[in-house]
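**Student:** Have a look at this one before I ask anything.
The values are calculated or read from the model by the stated rules, or taken from the named source; none is laboratory data. Because the structure is predicted, anything quoted here is derived from the model rather than measured. Ideal geometry is used to build each Cβ from the backbone, glycine not excepted, and the neighbour counts take in all protein chains shown.
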Amino acid sequence: MHYRILMLLLGLFLVSAAQAAPAQKRFDDWQVTCNNQNFCVARNVGDHKGLVMSLTRSAGAHVDVSLRIDLGTLDNAADKAPPVADRMLLDGEPLPLSTGKWQITPHHLRTDDPATVNDFLARIQEAGIIALRGGDSVISLVGLKAALLFVDAQQKRVGNETAWIKKGNQPPLSVPPAPALKAVTITNPTPTPLSAEERSALLDYGSWRMNNSQCSLDPERRTVRVSALSDDKALMLISCEAGAYNTVDLAWLVSRHKPFASRQIRLRLPFTPASGSPDMELMNASFDEKNKELITLAKGRGIGDCGYATRWRFDGQRFRLVRYAEEPTCDNWLSPDAWPTLWVTK
């Protein structure tokens, strides 16, 4: 009996240990993002001039890892640059890829082999810089070791055989598994489309709402958009405020038939982001008709290489978060569809 209780408590401990909150942190020239599945991605940031090394590792005993080095930016694919593999220098000395399992193309190097990843990281983690002979693109390694240790700690690997930095004798099976993905179901994936009469009446109601809301956006730029959420409810979006490249929207859950009853939609994250507030503004909001998801996109600057993006699904009562991605570093590297995720669901 005591043994069963002990094993039950141990199992509960492992599950709770895996339920770490999402985290995003910068260590000098390295940035780490770990989501609610304890899946972590790290990359060098800053003045890399288009040369970026990215690391990913999943949680659990069976380690899925990847390491890649890419030359190029959002606007420059580096098509005319010489191949990368033969030009890499580690603190001024040649850095050959003569061992391990690598997929090598002129401007992209990749490996998913854990032994190859571990060997490469061991070779570079005490160094200062990876540069390219004859070029100005660089990977600063300042902060890499701290970033790797953070990933180890986030995934509960410190003192384990699978740790990158502080290895120990604990067996791989002692590493907590990734928590099961939570599901946010769609109550009605195929609601009856809005009729012309419904749409017209809702747009008129939205115009009244817009004119009675404290919005600073020029009236000529304000828009009202309506979408069917269920057979008796609709989503209404109104453009309200605007900056250089972001528009703040207001949203209401509205009945589809007169007399209209409405409730303003407020989005709240299930975790606290780096900004310190879980309450979200609806930036550049839109509705994905195919997936029945409310989308927001807050751009840190006009080219859209940094900011945060969310997707929310209506469960019949409220919108629940299904995806949150954030890229705090504006270095012309990632577009919104590739920003690292802090929250994922089914």
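**Student:** Return the residues of the range 141-176 that are under 30 Å from Arg87 (Cβ atoms) and surrounded by fewer than 20 Cβ atoms within 10 Å (Cβ to Cβ); say none if nothing qualifies.
**Tutor:** Val142, Lys145, Ala146, Leu149, Ile165, listed by residue number.
**Student:** Quick check: is even one residue across the range 161-171 more than 30 Å from Asp29 (Cβ to Cβ) and in a helix (DSSP H, G or I)?
**Tutor:** no
**Student:** Select the strands (runs of 3 or more DSSP E) contained entirely in the range 56-116, then report the ones holding at least 2 residues which are surrounded by fewer than 14 Cβ atoms within 10 Å (Cβ to Cβ). Write out each step before concluding.
**Tutor:** On the way: elements: 65-71, 88-90, 103-105, 108-111.
In the range 56-116, 103-105 are the strands (runs of 3 or more DSSP E) which contain 2 or more residues that are surrounded by fewer than 14 Cβ atoms within 10 Å (Cβ to Cβ).
**Student:** Sticking with this structure for a sec: Name every residue in the range 42-55 that is surrounded by 19 or more Cβ atoms within 10 Å (Cβ to Cβ), part of a loop (DSSP other than H, G, I, E, B) and either in contact with a helix residue (DSSP H, G or I) (Cβ under 8 Å, 6 or more places away or on another chain) or among the small types (Gly, Ala, Ser) (or both), in order of residue number.
**Tutor:** Step one: of the range 42-55, the residues surrounded by 19 or more Cβ atoms within 10 Å (Cβ to Cβ) are 42-45, 48, 50-53, 55.
Then keep just the ones that are part of a loop (DSSP other than H, G, I, E, B); that gives 45, 48, 50.
Residue satisfying the conditions is Gly50 alone.
**Student:** May I ask you to say which residue of Ser207, Ser213 is assigned by TED's automatic domain parsing to the domain that holds Arg311, small (Gly, Ala, Ser) and in contact with a Cys (Cβ under 7 Å, 6 or more places away or on another chain)? Full working, then the answer.
**Tutor:** Working: Ser207 fails: in contact with a Cys (Cβ under 7 Å, 6 or more places away or on another chain).
Ser213 is the lone residue from the list that is assigned by TED's automatic domain parsing to the domain that holds Arg311, small (Gly, Ala, Ser) and in contact with a Cys (Cβ under 7 Å, 6 or more places away or on another chain).
**Student:** Turning to a different aspect of this structure: Output the number of residues of the range 216-245 satisfying the condition of being over 19 Å from Leu282 (Cα atoms) and either charged (D, E, K, R) or outside the structural domain of Asp288 (by TED's automatic domain parsing) (or both).
**Tutor:** Number of matching residues: 4.
**Student:** Going by the conditions given, is Pro106 more than 21 Å from the chain's Cα centre (by Cα), modelled with pLDDT under 95 and assigned by TED's automatic domain parsing to the domain that holds Ile129?
**Tutor:** On the way: more than 21 Å from the chain's Cα centre (by Cα): yes; modelled with pLDDT under 95: yes; assigned by TED's automatic domain parsing to the domain that holds Ile129: yes.
The answer is yes for Pro106.
**Student:** Looking at the range 119-138, can you tell me whether even one residue there is in contact with a helix residue (DSSP H, G or I) (Cβ under 8 Å, 6 or more places away or on another chain), at pLDDT below 95 and of a type in the set (D, E, K, R)?
**Tutor:** Within the range 119-138 (the criterion being in contact with a helix residue (DSSP H, G or I) (Cβ under 8 Å, 6 or more places away or on another chain), at pLDDT below 95 and of a type in the set (D, E, K, R)), the answer is no, since none of the residues qualifies.
**Student:** Would you please list the contacts, defined by Cβ atoms under 7 Å and residues six or more apart or on different chains, that run from a residue in the range 146-159 that is on the phi > 0 side of the Ramachandran plot to a residue that is part of a helix (DSSP H, G or I) and surrounded by fewer than 19 Cβ atoms within 10 Å (Cβ to Cβ)?
**Tutor:** Lys156/Ala17
**Student:** Determine which member of the set Val52, Val117, Val65 is closer than 26 Å to Ile303 by Cβ, in the same structural domain as Ala147 (by TED's automatic domain parsing) and hydrophobic (A, V, I, L, M, F, W, C). Working first, answer last.
**Tutor:** On the way: Val117 fails: closer than 26 Å to Ile303 by Cβ; Val65 fails: closer than 26 Å to Ile303 by Cβ.
Result of the check over Val52, Val117, Val65: Val52.
**Student:** What residue, among those in the range 314-333 that are touching a Cys at 6+ places or on another chain (Cβ under 8 Å) and not acidic (Asp, Glu), is surrounded by the most Cβ atoms within 10 Å (Cβ to Cβ)?
**Tutor:** Of everything passing the filter in the range 314-333, Pro328 is surrounded by the most Cβ atoms within 10 Å (Cβ to Cβ).
**Student:** If Gly276 meets every condition in (1) within 28 Å of Thr345 (Cβ to Cβ); (2) in contact (Cβ under 8 Å) with a residue 12 or more places away in the chain apart from one, which number is that one?
**Tutor:** For Gly276, the failing item is (2).
**Student:** A follow-up question, please. Looking at Leu181, is it surrounded by 13 or more Cβ atoms within 10 Å (Cβ to Cβ) and under 26 Å from the mean Cα position of the chain (by Cα)? I'd like the intermediate steps shown before the answer.
**Tutor:** Details: surrounded by 13 or more Cβ atoms within 10 Å (Cβ to Cβ): no; under 26 Å from the mean Cα position of the chain (by Cα): yes.
Criteria not met by Leu181.
**Student:** Counting just the residues of the range 172-200 that are part of a loop (DSSP other than H, G, I, E, B) and without any contact (Cβ under 8 Å) to a residue 40 or more places away in the chain, which one comes out nearest to Ile124 (Cα to Cα)? Quick ask: steps written out before the conclusion?
**Tutor:** From the range 172-200, those part of a loop (DSSP other than H, G, I, E, B) are 175-195; that's our starting set.
This time we only want the ones that are without any contact (Cβ under 8 Å) to a residue 40 or more places away in the chain, so: 180, 190, 192-193, 195.
Values: Ala180: 34, Thr190: 53, Thr192: 58, Pro193: 57, Ser195: 62 Å.
Checking each candidate, the answer is Ala180.
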